[in-house]
Amino acid sequence: MNSMAIAPDEAIPDEPLIRPGLGAIFGCFFTIGSQSFGGGTTAWLRREVVTKRGWLTDQQFLASLAICQITPGPNPLNMAVFLGSVLGGGMGALAGFAGMMAFPTVLCLSLGALYYTYHQLPGLEILLGGLGAVAIGMNLANAIRLTRKNIRKIRQFTVIVLVAIAAGIFHFPLLDVLAIAVPLNLLAEIWKPS
């Protein structure tokens, strides 16, 4: 199912478009957890949950992403638990968590043991640096795609730029930036000058 952007005046549905079973939730997040190496998990999540499976709309996914990014912890795991709970309640959250963590846990323990044994091999540091560049590129591509579909007002772009400058350039603590930016952005969205 191909996702279509909802016009700004249309309501975002409260309920998922499809309610999958626990096995499908586990399988989805296992697939994501086993295929998203080096980062870029948000792009994989959107592809699986919105584009491929049609469980949520782009707007529902973006709202979930916003919530998960301001909560403590790793974003991909937050998304697995949050989306699992949206799709299947408490058991869905457990299925999402288990699916997301199963393969990476086994892989990380195995690679850690291999790295400990063979860390002095030449070229390994270059390989790891290349994987980091791929992860950054995937995250950037996903950010551009979501921005084009969902950010339509100049004040929304302004907030993005100001938060990026405050956190990225001036290195203000992210929680302080969000404590100011979120209420101001909400007020800007609610307040309509007459």
Selected residue (only one of I144, I151 is surrounded by 12 or more Cβ atoms within 10 Å (Cβ to Cβ), at pLDDT 80 or above and either in the same structural domain as Q60 (by TED's automatic domain parsing) or hydrophobic (A, V, I, L, M, F, W, C) (or both)):
I151
Among the numbered criteria (1) in contact (Cβ under 8 Å) with a residue 12 or more places away in the chain; (2) of a type in the set (A, V, I, L, M, F, W, C); (3) crowded, with 16+ Cβ neighbours inside 10 Å, which one does L162 miss?
(3)
What do you reckon, is A113 farther than 27 Å from A164 by Cα, in contact (Cβ under 8 Å) with a residue 12 or more places away in the chain, assigned to a helix (DSSP H, G or I) and assigned by TED's automatic domain parsing to the domain that holds G33?
no
Picking from A167, A95, A133, which residue would you name as being in contact (Cβ under 8 Å) with a residue 12 or more places away in the chain and either within 20 Å of the chain's Cα centre (by Cα) or closer than 27 Å to L17 by Cβ (or both)?
A95
Working only within the stretch 176-194, note down all residues that are among the acidic types (D, E) and modelled with pLDDT under 85.
E189
The one condition G39 fails out of (1) under 22 Å from I136 (Cα atoms); (2) at pLDDT 90 or above is (2)
The one condition in (1) charged (D, E, K, R); (2) modelled with pLDDT of 90 or more; (3) surrounded by 18 or more Cβ atoms within 10 Å (Cβ to Cβ) that K52 fails to fulfil:
(3)
Checking the structure you have, find out if any residue of the stretch 53-74 is touching a residue at least 24 places away in the same chain (Cβ under 8 Å), polar (S, T, N, Q) and not in a helix (DSSP H, G or I).
yes
Could you list all residues from the stretch 130-150 that are in contact with a helix residue (DSSP H, G or I) (Cβ under 6 Å, 6 or more places away or on another chain) and either aromatic (F, W, Y) or farther than 11 Å from A43 by Cβ (or both)?
K149, N150
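The values are calculated or read from the model by the stated rules, or taken from the named source; none is laboratory data. A quick note: this is a predicted structure, and the numbers were derived from the prediction, not measured. We place every Cβ from the backbone using ideal geometry, glycine too, and count neighbours over all the protein chains shown.
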